[in-house]
Amino acid sequence: MKITDIEVHVLVSPGFRADGTSSSQDDIVVVVHTDEGITGIGETDTGPWVAKAAIEAPGTHTMDLCMKDLLMGEDPFDTSALWEKLYTFTCMTGRRGAVISAMGALDMALWDIKGKAVGRPCYKLLGGAHVDHLTPYASLQPYGSTVDEYGSSLVEWAGKAKDYGYKAAKLECTLAGPYNHSGLKGTDEQATEIVRACREAVGPDFTLMVDVQYLWFDAESCLRTVRKWDDLDLFFLETPLRVDNLEGYEILTREAPMRIALGEWQNTRFEFSELMDKGVQVVQPDVGRIGGLTEAMRVCQMAQDRGRLVVPHCWKTGIGIAASAHMAAAIPNCPFIEFLPAEMCDSHLRRELVSEPLVMENGVIPLPDKPGLGIELNRDALERYAWKP
Ligand SMILES: [Mg+2]
């Protein structure tokens with residue numbers, strides 16, 4: 001089998017908000033074609049215009065070649081060899097960031113092709129399932145233009161998630177910091193009150209995580225607040241410090257009263273080994289961004305070897321969710337996957353891009369059983385939401 005063409009689509013959800021923090025407002029989707037008529041689908045969670053350029057831009061020397069050209073004529077079954085080829089011959093511009101994220105979309109599509117070619121779901125090709133279902137957690141993104149409104153909305157969402165059948169939810173509690181919700185300027189004390197109110201609303205038998213989206217500059221400021229959260233039984237605290245403050249993360253992993261989760265923006269095993277060396281207890285690979293299923297499985301193995309948990313980041317469409325689910329099924333150290341049913345999401349892309357996406361039944365997600373990633377691209381939606389300059 002040979003790769004014959006690669007389509008790259010940039011999509012935008014209508015009514016997007018430039019002051020929002022949801023990356024599901026845009027998307028890049030790749031469709032890889034083969035000479036046997038089998039096509040593979042992939043996506044990645046990064047700036048889609050940059051990622052498109054990373055795939056299609058020409059190059060003039062062996063340290064910086066065109067990714068699309070590098071894949072033409074290759075056998076899609078050679079995922080590991082092709083990962084190395086792409087990494088090596090884009091290395092001067094690539095290694096991290098958008099080029100690796102774009103590679104992730106391509107790698108995801110190759111795994112989809114492999115599964116479709118042999119008629120088996122991707123997780124079977126990744127070594128088989130360690131579980132008979134996946135446990136989703138709901139990422140709650142509250143509304144509100146004041147701290148009070150935001151807090152009430154979050155408490156309401158937490159209750160709704162429980163009623164919906166979830167056993168776990170993540171509170172986006174971003175009252176301040178670089179990615180603060182709608183310009184809110186809340187205090188750490190207010191954040192403590194809100195997290196406490198959410199715990200009281202859902203009761204003790206419900207897993208809660210908190211995401212503060214890179215709120216604090218230094219470990220001491222973070223610890224001053226999160227030590228007060230000790231009795232709230234939080235499963236993890238996500239991205240409390242700025243992304244590159246690894247020294248600070250090292251302090252938190254020793255001293256915070258809950259697990260520290262990090263990794264949604266990181267690329268490749270090289271960045272994840274740094275996180276794990278600093279003691280991060282929960283790693284959060286995004287399958288597209290980390291460099292595809294090939295690289296994600298390497299990182300999951302590293303986490304398993306070090307006794308760490310994997311709770312994947314996934315906030316795009318049914319494509320990335322499917323990839324995330326296959327990865328999660330194929331490892332023994334993934335207690336939850338990030339999953340919000342399409343009907344609970346604002347993004348048209350999340351709701352419409354994939355027909356028959358994975359669904360939640362009685363609080364769990366049954367393993368996907370169709371070949372490859374097991375999803376169908378809705379070509380009408382692809383056309384409808386295509387970015388038109
Ligand atoms: Mg996050």
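The values are calculated or read from the model by the stated rules, or taken from the named source; none is laboratory data. Bear in mind that the values here come from a model prediction, so they are computed numbers and not experimental data. Neighbour counts run over all protein chains shown; Cβ positions are idealised from the backbone, glycine included.
Residue count for segment 343-379 satisfying the condition of being within 19 Å of the chain's Cα centre (by Cα), free of Cβ contacts under 8 Å to residues at least 60 places away in the same chain and in a strand (DSSP E or B): 1. Annotation note: of Thr187, Thr174, Thr207, the sole residue that is farther than 29 Å from Ala329 by Cα, among the hydroxyl-bearing types (Ser, Thr, Tyr), surrounded by fewer than 21 Cβ atoms within 10 Å (Cβ to Cβ) and in the same structural domain as Phe236 (by TED's automatic domain parsing) is Thr187.
Among the residues making up segment 14-27, those that are under 18 Å from the mean Cα position of the chain (by Cα) and in a loop (DSSP other than H, G, I, E, B) are Gly20, Thr21, Ser22.
For Gly165, the requirement of being over 19 Å from Gly20 (Cα atoms) and either free of Cβ contacts under 8 Å to residues at least 40 places away in the same chain or away from the ligand (no atom under 16 Å from the Cβ) (or both) is met. Considering segment 107-158, the residues that are aromatic (Phe, Trp, Tyr) and surrounded by 20 or more Cβ atoms within 10 Å (Cβ to Cβ) include one that is nearest to the chain's Cα centre (by Cα), namely Tyr137.
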